[in-house]
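Read the figures in this text as sums done on the coordinates, not as results from a lab. Keep in mind it's a predicted model, so treat the numbers as computed, not measured. All Cβ positions, glycine included, derive from the backbone under ideal geometry; neighbour counts span all protein chains shown.
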Amino acid sequence: MDFKEQEIEKTNNEYSLVEETEKILTEETTEGPWRNEMRALEESIDGRVKKQKHFKSFVLLILSAVIGSVITLLAVYFYLPELTNHNELEIGDRQVDLVRDTKPSVFTIVARKAMPSVVGITTVIEDQNRFMLGQNRGSLGTGVIVDERGYILTNSHVIRDGDVDRINVILHDGEIIDAKVIWQDRILDLAVIKVEATNLPVAELGDSDLLEVGEIAIAIGNPLGLHFDRTLTQGVISGLDRMIPISRTETMENLIQTDASINPGNSGGPLLNAKGQVIGINTAKIKDGEGLGFAIPINIAKPIVTQIIEYGSFKRVLLGVRAVDVALFEQVTGKDVGVSKGVYIVKVLESSSADLAGLRNEDIIIKMDGRETNTMQQLVKNLFTYKYGDKVELLIIRNNKEKVIGVEFIE
């Protein structure tokens with residue numbers, strides 16, 4: 001082997017040695033203990049980085065909470081005293097309640113004022129059967145005290161138009177007292193009874209002529225029995241000057257309509273306004289309709305109550321005529337009197353108020369002090385508003401012409 005060949009073999013050996021060395025190094029670094037140490041180091045470094053990130057996030061969260069709390073405390077410190085000194089906060093055109101209004105409602109105030117003057121009324125009719133055994137029948141209604149000496153206003157039908165054997169009144173404190181009838185009228189469906197008592201709580205009477213549709217209306221009564229005594233219901237004045245039929249030949253007129261619930265037993269109880277004043281006496285409801293209750297305007301009862309309280313009795317003024325509805329007169333006689341509504345005077349009684357005022361037979365009354373007088377029933381109801389000594393202007397038809405006649409009521 002010459003020198004050149006020796007040199008080539010040496011070079012090949014060295015090259016093999018280098019390859020072997022690289023192979024060993026490669027195996028050591030990829031699968032050997034060095035690689036494990038490097039992995040452990042990398043994992044340690046990654047863990048520390050992650051812990052640092054978590055710590056930073058936690059610190060930021062704590063700082064945010066602290067700053068938010070500080071801002072809230074500052075806002076409360078500066079603004080809460082101002083807010084708590086006001087019940088309402090203005091937002092645009094609206095006012096928002098910030099604290100609960102603890103004042104009683106208008107209905108509570110009315111109940112406190114009027115409830116003590118509302119009474120329960122029971123009636124008893126004693127029957128005897130063919131074996132002479134006594135049996136009692138009774139009914140329940142409501143009334144309202146109008147004088148501290150025991151005068152009570154109610155419906156005539158509550159006391160069965162006076163045709164009862166016994167009337168009991170249940171006062172606000174539960175005491176039961178016998179009552180007697182002072183006055184009653186079936187056409188008006190009003191009555192005044194009296195108990196022997198003093199210093200009773202008295203209801204305040206309002207002015208029903210001032211009522212408007214939409215006003216608050218509050219009814220107090222004993223619906224469906226004493227289990228529901230002194231029940232309060234509320235609504236509004238739904239209508240005025242209403243008329244409802246009560247029989248084939250009779251009607252009730254000039255009534256107040258309300259949607260405050262009125263049920264059997266409410267009859268005779270007060271209908272009140274927002275001031276707790278009596279504006280009507282509840283009298284009827286439409287059975288087939290919801291929220292259709294009716295009350296007699298208190299101004300119809302006022303002159304009656306006033307006279308009874310002052311004199312102990314009531315005497316209705318008399319016009320002094322015998323008269324009939326125009327429609328009925330035309331139907332019976334077949335005559336045409338020229339008008340479709342009014343009261344046709346058949347006869348003027350001698351020396352009566354009508355006679356002294358100059359009224360004549362065949363005059364037709366159509367108005368009384370400006371109030372429509374279309375029927376005898378309206379005429380009678382209008383007369384209840386006067387007392388002896390009062391004067392009234394009658395608008396009549398005489399010989400097909402209108403004429404005004406002044407009448408003074410005399411006994």
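Ignoring solvent entirely, what values of log10 I(q)/I(0) come out of the Debye formula for the range 321-408 at 0.19 Å⁻¹ when each Cα is a single scatterer?
Taken in order of the listed q values, log10 I(q)/I(0) reads -0.82.
Could you tell me what a quarter of the Cα convex hull surface of the range 252-411 works out to, in nm² with one decimal place?
Hull-based average projected area comes out at 12.0 nm².
In the neighborhood of V326, defined by Cβ-to-Cβ distances under 12 Å, what is the net charge if each Lys or Arg adds +1 and each Asp or Glu adds -1?
Here the charged neighbours net out to -3.
Students often check this: by mean Cβ neighbours within 10 Å, which of 360-366, 265-271 ranks highest, and how do the rest follow?
Listed from highest to lowest mean packing, they are 265-271, 360-366.
Is there a pair in K335/K367; K285/K403; K315/K367 whose C-alpha atoms are over 31 Å apart, and which pairs would that be?
From the list (K335/K367; K285/K403; K315/K367), the Cα-Cα distance tops 31 Å for K285/K403.
Any chance you could check the Cα centroid distance between the range 329-368 and the range 293-321 for me, in angstrom?
25
Which pairs in the list K194/K391; K275/K302; K180/K347 are over 26 Å apart, alpha-carbon to alpha-carbon?
Listed pairs above 26 Å: K194/K391; K180/K347.
Neighbouring Cβ atoms within 10 Å as the yardstick, rank Y311, Y388 fewest first.
So the residues, fewest neighbours to most, are Y311, Y388.
Sorted from fewest to most neighbouring beta carbons within 10 Å, what does the list R166, R322 look like?
Least to most surrounded, the residues fall as R322, R166.
Would you mind classifying the range 174-301 by shape? Square roots of the alpha carbon gyration tensor eigenvalues, ordered a ≥ b ≥ c; an a/c under 1.5 is rounded, otherwise it is prolate if a/b is larger than b/c and oblate if not.
Working: a/c = 1.43, a/b = 1.30, b/c = 1.10.
Verdict is rounded for the range 174-301.
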